[in-house]
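Here the structure is laid out as structure tokens; the discussion comes afterwards.
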Amino acid sequence: MGEKYKHIETAVIHEGYDSKQHLGSLAAPIFQTSTFVFDTAEQGERRFAGEEEGYIYSRLGNPTVKALEDRIAVLEGAEAGLAFASGMAAVSAVLLALTKANDHIICSQGLYGCTFGLLKLMKEKYNIDHDFCEMKTADELEAIIRPETTCIYIETPINPTMKMIDLELVAAIAHKHGIAVVVDNTFSTPYLQKPLDHGCDIVLHSATKYICGHGDVIAGLAAGKQDLISQVAKSTLKDIGGILSPFDAWLLLRGLKTLPVRMDRHSENAERIFQMLKKEPMIDRVYYPGDTEHPDYLIMEKQMKQGGGLISFEVKGTKADAQRLLNELKLIKIAVSLGDAETLIQHPATMTHAVVPEQSRLEMGITDQLVRLSVGLENWEDLWDDLKRALTAVEMK
Ligand SMILES: *Cc1c(COP(=O)(O)O)cnc(C)c1O
């Protein structure tokens, strides 16, 4: 962990905030202000010139947001952190900061739907090309690197097949070529996986998910080396402007305090549900990172602490059967997003990945029968009762 706190369970609560500096307030204050008053004109000049520390204007920095940025940096083992208005604001700010027109990006085979959409936009508008790569071997990656490759962008585990990428392997090759490695760590959070410890350069999050944990904020975070993060802060965050509000930063500081406790329960519940789903005749395939028979289990053991809370599975039958399963559920809610206290289920082909063309979708393993479950914090037996009843209803149709 950081210099101050040895363990992540302590750092999530204390890092980045000192009550002594805030009249003893136990919770971090919400600095709900757009701007900051200078003592003198000269002080304003010094702050703008970067010669004096201090706040100027909340798009350029805010104390509540800064506490969150400092906390995520330490949790990820990074030098600096940044907060954004959404996960996509983080993804777009980082990708635009690392590329210019005619550059090339290599990405994992399987991406969040809107990240896929962003790459398409970057290609159409700025001729920033991209290639997908399984990244299973050094040779495969070496073969796809071009002189103009500036960034490798990874999701692992990959939604929905839970294939995993060996981060150490990718980072070693990327660095030989001076290429930055960016990891979307939304599914795992720093409690389960720390990409920077495996040599990657920038880690980012849709903090909307597990980091918030309560389904009430849209937010993004990024963390990495000081020079890379400053590059993002001074270019794409400042001038494009997708900053996080102080109140939402405060909600994330609060959510983070229980991250380790929640991730343990999400993982335990998901493991139980996975074991039940595996035995279920109405289900063709189940994907879970904690599956000891998963072809990538060795990578999981190397870089993840537990399997996490996400499971995807294919319902026997057709798209209509998958949709029927969703409709039959009572406790489990039909909704996109993940990482909340409530268990959520969605149909990727028509929801999160509807923007991805059918051919690419099938290559990612997103069939019409596939559903994704974000296992919440309820009692797992109640969840299983709901699933079992709905599966029986599909079977009897
Ligand atoms: C949700 C999500 C995003 C986008 O985040 P928003 O907060 O919705 O903008 C990016 N990556 C992954 C893996 C996600 O699940």
Semi-axes of the chain from the Cα gyration tensor (sqrt of 5 times each eigenvalue, largest first, whole Å) come to 36, 26, 19
Per the charge dipole of the range 260-395 (beta-carbon charges, Lys/Arg positive, Asp/Glu negative, Cα centre), the residue among Val355, Gly339, Leu370 reaching farthest to the positive end is Val355
Restricting the count to DSSP beta bridges whose residues both fall in the range 158-238, what percent are antiparallel, rounded to a multiple of 5?
65
Quick one: net charge of Ser92's neighbours, Cβ under 13 Å, K/R +1, D/E -1?
0
For the chain, with all protein chains present and a 1.4 Å probe, just round the carbon and sulfur fraction of the accessible area to a whole percent.
52
So, taking all protein chains as they sit and a 1.4 Å probe, how much accessible area belongs to Val356, in Å² rounded to tens?
0
With each label point set 7 Å from Cα along the Cα-Cβ vector, what nm distance links Gln32 and Leu362?
5.3
Can you list residues from other chains, or at least 5 along the same chain, whose modelled amide H is less than 5 Å from the amide H of Ala80?
Gly224, Gln226
Can you find, among Ile202, Phe187, Leu169, the residue farthest towards the positive end of the dipole of the range 158-212? Put +1 on the C-beta of Lys and Arg, -1 on that of Asp and Glu.
Phe187
Cα Rg over Rh - the range 117-187, Kirkwood:
0.96
Given the C-alpha atoms of the range 177-336, compute the convex hull and give its volume per residue in Å³.
169
Give the value in nm², to one decimal: projected area of the alpha carbon convex hull of the range 260-395, averaged over all directions.
8.0
Which is farthest toward the positive dipole end of the range 260-395 among Met282, Ile299, Val394, measuring Cα position about the Cα centre, with Cβ charges +1 (Lys, Arg) and -1 (Asp, Glu)?
Val394
How big is the Rg/Rh ratio for the range 172-263, C-alpha atoms only, Rh by Kirkwood, two decimals?
1.00
Per-residue HN-Hα couplings for the range 126-140 [Karplus 6.51, -1.76, 1.60; θ = phi - 60°; Hz; x = Gly/Pro]
10, 6, 8, 7, 9, 10, 8, 8, 5, 6, 7, 10, 4, 4, 4
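Keeping every protein chain in place, order Leu228, Leu121 by accessible area at 1.4 Å, biggest value first, i.e. largest first. Intermediate values should be presented prior to the final figure.
Values: Leu228 30, Leu121 80 Å².
Ranked list, largest accessible area first: Leu121, Leu228.
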Computed for the chain: size of charge dipole around the Cα centre, +1 on C-beta of each Lys and Arg, -1 on C-beta of each Asp and Glu, debye to nearest 20, value 660
Quick check on packing: order 172-179, 102-109 by the mean number of other C-beta atoms within 10 Å, highest mean leading.
102-109, 172-179
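The values are calculated or read from the model by the stated rules, or taken from the named source; none is laboratory data. Note that the structure is predicted; figures quoted are calculated from it, not measured. Note: ideal-geometry Cβ built from the backbone for every residue, glycine included; neighbour counts use all protein chains shown. Ligands, DNA and RNA are excluded from the accessible area calculation, which covers all protein heavy atoms including side chains. Shrake-Rupley method; radii C 1.70, N 1.55, O 1.52, S 1.80 Å.
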